[in-house]
Amino acid sequence: MKILCVHPNYELYGSDRCFADVLDALVTTFPDVKLKVLLPRRGQITTLAPFDRVPITTRYMWILRRRDLFRGFTIGLWGNLKSLWMALQDMNASDYTYINTIIVFDFILMARLTRRPVIIHVREIPTGVEMKIFRHLLIWSKAVLIFNSEATRNAFNLPLSKPTYVVYDGYRHVERVSAPEWNGERRLRVLTIGRINHWKGQETLVAAVGKLTPQERSRLEVRIVGGSFNNQDIYRQRLEKSIADLSLGDVVRIDPFEDDPSNSFLSADVVVVPSRLPEPFGRVAIEAMAFARPVIASAHGGLVEIVRDGETGLHFRPNAPDALVAVLREFLADPALVTRFGYAGRERFLKHFTLEVTNAAFLDVLRKEMKLSS
């Protein structure tokens with residue numbers, strides 16, 4: 001049996017690592033299945049363990065991102081039409097196709113025309129006209145759909161007749177970690193980690209810190225860790241300007257993307273996920289919980305399912321620096337929350353979000369839909 005696995009990125013962010021986890025589960029569980037991995041190009045993702053055990057093909061794919069939307073239907077149209085034909089050929093040459101994320105436009109579109117079954121793993125919540133486009137594409141595709149949260153599935157509001165599953169993303173089991181014991185005598189170490197862009201909300205965190213009193217700011221140490229896609233540094237520059245304008249250089253610092261953020265989580269007391277738009281899932285939240293770190297999360301999207309407000313962390317109103325200020329003040333006023341929420345988050349992670357748990361759920365879908373057997 002041959003399974004074609006398609007992924008539109010080549011970095012080491014959330015969806016990239018999730019794709020690697022899927023490949024690892026497939027290779028380990030079904031050693032007799034032949035996998036073919038298709039990427040737009042080689043990159044950091046291919047340094048992960050499963051990629052040394054599967055053949056990798058790279059070629060141009062029609063990837064539907066907002067900034068390329070007009071170009072894709074105009075001057076880039078001829079190349080994209082050729083990619084549609086190649087996608088159909090690739091799918092017909094395999095027994096099954098697994099598509100990771102919905103922005104692989106050529107494969108999603110051809111999922112209707114191929115003679116082979118297709119599974120699409122939906123890890124995005126588009127907005128506006130993009131949501132309309134992708135919703136109709138998923139209905140058109142005839143594919144089986146896996147969503148990474150109930151929030152993602154609900155956002156698409158698909159017909160009940162469409163076969164869908166919800167399988168949470170997972171994270172590796174972290175051994176022997178303790179929640180931080182912060183008693184308020186030193187600075188509270190606050191971490192936010194992820195791609196720096198217009199919707200991840202780093203500016204919301206900076207604005208919130210700027211609204212604290214000087215005495216409150218002196219009790220914080222804030223790290224923003226991450227890089228920008230394809231070196232689009234405009235978002236980092238904007239963030240640096242905000243930090244300078246608010247005179248926060250002694251409180252907030254920006255550090256580059258880390259291949260392995262383990263040490264950043266271990267050195268933090270609290271992790272903030274301040275996303276301006278709804279996170280389809282929120283991988284950083286479960287990573288923080290794996291390291292027994294409490295999470296402060298925007299109250300929308302998959303984060304609401306992951307982070308239990310008042311139990312494993314605290315929610316705040318999205319895009320509202322004042323609301324985030326109030327939550328930061330809760331931690332500053334009650335240091336015991338750090339340890340209590342940290343341990344509760346760790347227990348929730350072990351029950352719902354380890355790779356063992358989430359891979360088992362994913363493989364159950366494949367056994368049912370692809371008739372695979374170990």
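Nothing in this text is a laboratory measurement; each read-out follows from the coordinates by a stated rule. Since we're looking at a predicted model, the values are computed, not measured. Note: ideal-geometry Cβ built from the backbone for every residue, glycine included; neighbour counts use all protein chains shown.
Ranked highest first by the average count of other Cβ atoms within 10 Å around their residues, in what order do 188-198, 167-177 fall?
Values: 188-198: 20.6, 167-177: 16.7.
Result, highest mean first: 188-198, 167-177.
What is the gain in length, in nm to one decimal, between L113 and K211 on full extension, counting 0.36 nm per residue of separation less the C-alpha to C-alpha distance?
On the way: separation 98, 0.36 × 98 = 35.28 nm, distance 5.46 nm.
Net length gain for the segment: 29.8 nm.
What list of ³J(HN,Hα) values in whole Hz, one per residue of the range 43-56 in order, does the Karplus curve 6.51 cos²θ - 1.76 cosθ + 1.60 (θ = phi - 60°) give from phi, with Gly and Pro shown as x?
Values, residue by residue: x, 4, 4, 6, 7, 6, 3, x, 6, 8, 10, 10, x, 10 Hz.
Quote the relative contact order of the chain in percent (integer), defining contacts as alpha-carbon pairs under 8 Å separated by 6+ residues. Display every interim value, and only then the final one.
Details: 715 pairs, mean separation 57.2, N = 374.
About 15 percent, as a whole number.
Take every Cα pair under 8 Å in the range 188-352 that's 6+ residues apart, average their separations, divide by the length, and report that relative contact order as a whole percent. Provide the component values of the computation, followed by the final result.
Details: 308 pairs, mean separation 40.5, N = 165.
Relative contact order here is 25 percent.
Tell me which residues come under 5 Å, amide H to amide H, from D255 once H is placed; ignore anything under 5 positions away on its chain.
I224, V225, G226
What does the highest-first list of 247-259, 99-111 look like by mean Cβ count within 10 Å? The partial results should precede the final answer.
Working: 247-259: 14.2, 99-111: 24.1.
Descending packing order for the listed peptides: 99-111, 247-259.
What's the FRET efficiency of R176 with S247 using the Cβ-Cβ distance as r and R₀ = 41 Å, to the nearest 0.05? Write down the numbers at each step before the final one.
On the way: r = 40 Å, r/R0 = 0.98.
After rounding, the FRET efficiency stands at 0.55.
Which FRET efficiency value, to the nearest 0.05, do you get for S267 and E240 by plugging their Cβ-Cβ distance into 1/(1 + (r/R0)^6) with R0 = 30 Å?
Numbers: r = 22 Å, r/R0 = 0.74.
After rounding, the FRET efficiency stands at 0.85.
Quick check: residue separation of V129 and V27 times 0.36 nm, minus the Cα distance between them. What number comes out in nm?
Details: separation 102, 0.36 × 102 = 36.72 nm, distance 3.74 nm.
This chain segment gains 33.0 nm when fully extended.
Mind giving me the nanometre distance, one decimal, between the label points for L77 and A326, set 7 Å out from Cα along Cα→Cβ?
A separation of 5.1 nm, rounded to one decimal place.
With Cβ to Cβ distances under 10 Å as the rule, what net charge do the other residues near K200 carry (K, R +1; D, E -1)?
On the way: positive: R195, R276; negative: E203, E279.
Surrounding charge for K200 is 0.
Ordered by residue, what ³J(HN,Hα) values in Hz, to whole numbers, does the range 298-313 give under the Karplus form 6.51 cos²θ - 1.76 cosθ + 1.60, where θ = phi - 60° and Gly and Pro are x?
4, 8, 7, x, x, 4, 5, 6, 7, 8, 7, 4, x, 10, 10, x
Which order do peptides 326-332, 181-187 fall in by mean Cβ count within 10 Å, highest first? Write out the running numbers ahead of the final one.
Working: 326-332: 18.3, 181-187: 12.1.
Averaged packing, sorted descending, gives the order 326-332, 181-187.
What's the FRET efficiency of K371 with L84 using the Cβ-Cβ distance as r and R₀ = 25 Å, to the nearest 0.05? Could you put the intermediate results ahead of the total?
Numbers: r = 28 Å, r/R0 = 1.13.
So the FRET efficiency works out to roughly 0.35.
State, as an integer percentage, the relative contact order of the range 110-171 based on alpha-carbon contacts under 8 Å between residues 6 or more apart.
Details: 70 pairs, mean separation 22.5, N = 62.
Reported as a whole number, the value is 36 percent.
Filter the DSSP H helices in the chain by two things, a Kyte-Doolittle mean of at least 0.5 and an axial alpha-carbon span of 15 angstrom or more, and list the hits by number.
On the way: long enough: 14-29 (22 Å, 0.46); 77-92 (23 Å, -0.01); 128-141 (20 Å, 0.59); 234-245 (16 Å, -0.91); 321-333 (18 Å, 1.15); 336-352 (24 Å, -0.35); 355-369 (21 Å, 0.21).
Helix filter hits for the chain: 128-141, 321-333.
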